[in-house]
Amino acid sequence: MPERDDEQSFQEAMRDVRPLVGKKGNKTHSGIHRKTNSDIPESTLRARRKAAELDKPSSGAALSDAWIEPVDPEQFIEYSQPGIQTTRLRQLRQGTIPVQFQVDLHGYKIDEARDLIHEFIQVSRYRGLTCVRIIHGKSHRSKERQSTLKSHTNHWLKQIPDVLAFCSSPPSEGGTGSVLVLLKRK
């Protein structure tokens, strides 16, 4: 019996309600009329779809290129988030933490390298890895120091929250041409 009462109550409450006038889906929230897809030529829709696909941000798009601090080819780079144990940092600097995975950026353009680093860190975290190596090279031949992969890698790794610390590798493991990266545990 209570179901019938609910139904009757609902019918009584909706008695004075009237549907909106106009085509369904032809108004925006502000009430302004817009063209439906059937009103737009197919060639225009195809062009819009293609432009939208080209404008899709890359996976590493969240990594900023606002201002990159220039890094010299032989310069030792290092970074750590607050709260990292000094013992762990010393182990990273000395190369005593085993490297579980690595990526080589030689031959990649800046945009490709950004996407690759972002994806590499994500995959490494997904696999539960804690120490990885990124080989960026020293860029001795580059005239403009700011546009080197080493400078960009230094800048990007500081922006990734999953990176606890990084530093240039010991001389026996690539020296200042690569970095050892300490990642958060999964």
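Worth a mention:
- Flag for residue 10 being modelled with pLDDT of 70 or more, of a type in the set (A, V, I, L, M, F, W, C) and either under 30 Å from residue 174 (Cβ atoms) or in contact with a strand residue (DSSP E or B) (Cβ under 6 Å, 6 or more places away or on another chain) (or both): no
- Filtered residue count, region 145-175, keeping only those that are outside any helix (DSSP H, G or I), among the acidic types (Asp, Glu) and either under 15 Å from residue 103 (Cα atoms) or open to solvent by less than 20 Å² (accessible area, probe 1.4 Å) (or both): 0
- Pair list, Cβ under 8 Å, 6 or more apart: region 73-84 residue closer than 19 Å to residue 161 by Cβ and open to solvent by 50 Å² or more (accessible area, probe 1.4 Å), other residue among the hydroxyl-bearing types (Ser, Thr, Tyr) and not in a loop (DSSP other than H, G, I, E, B): 78/168
- In region 71-102, residue nearest to the chain's Cα centre (by Cα) [restricted to those that are under 15 Å from residue 181 (Cα atoms) and hydrophobic (A, V, I, L, M, F, W, C)]: 101
- Hey, residue 97 open to solvent by 10 Å² or more (accessible area, probe 1.4 Å) and either β-branched (Val, Ile, Thr) or in contact with a His (Cβ under 9 Å, 6 or more places away or on another chain) (or both) or not: yes
- Residue 183 vs. criteria at pLDDT below 90, open to solvent by less than 60 Å² (accessible area, probe 1.4 Å) and either of a type outside the set (Ser, Thr, Tyr) or farther than 13 Å from residue 79 by Cβ (or both): no
- Within region 105-126, if we keep just the residues that are of a type in the set (Phe, Trp, Tyr) and within 16 Å of residue 162 (Cα to Cα), the residue that is surrounded by the fewest Cβ atoms within 10 Å (Cβ to Cβ) turns out to be 126.
- Answer residue from region 86-136, given it is without any contact (Cβ under 8 Å) to a residue 40 or more places away in the chain and of a type in the set (Lys, Arg) and is nearest to residue 157 (Cα to Cα) among those: 109
Quick grid of which residues meet (1) at pLDDT below 70; (2) closer than 27 Å to residue 155 by Cβ; (3) of a type outside the set (Gly, Ala, Ser):
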{"residue": "47", "(1), (2), (3)": "no, no, no"}
{"residue": "59", "(1), (2), (3)": "yes, yes, no"}
{"residue": "79", "(1), (2), (3)": "no, yes, yes"}
{"residue": "84", "(1), (2), (3)": "no, yes, yes"}
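The values are calculated or read from the model by the stated rules, or taken from the named source; none is laboratory data. Model, not experiment: these values are computed from the prediction. Methodologically, a virtual Cβ is constructed for each residue, glycine included, from the backbone with ideal geometry; neighbour enumeration extends over all protein chains shown. Heavy atoms of the whole protein, side chains included, go into the accessibility calculation; ligands, DNA and RNA do not. Shrake-Rupley method; radii C 1.70, N 1.55, O 1.52, S 1.80 Å.
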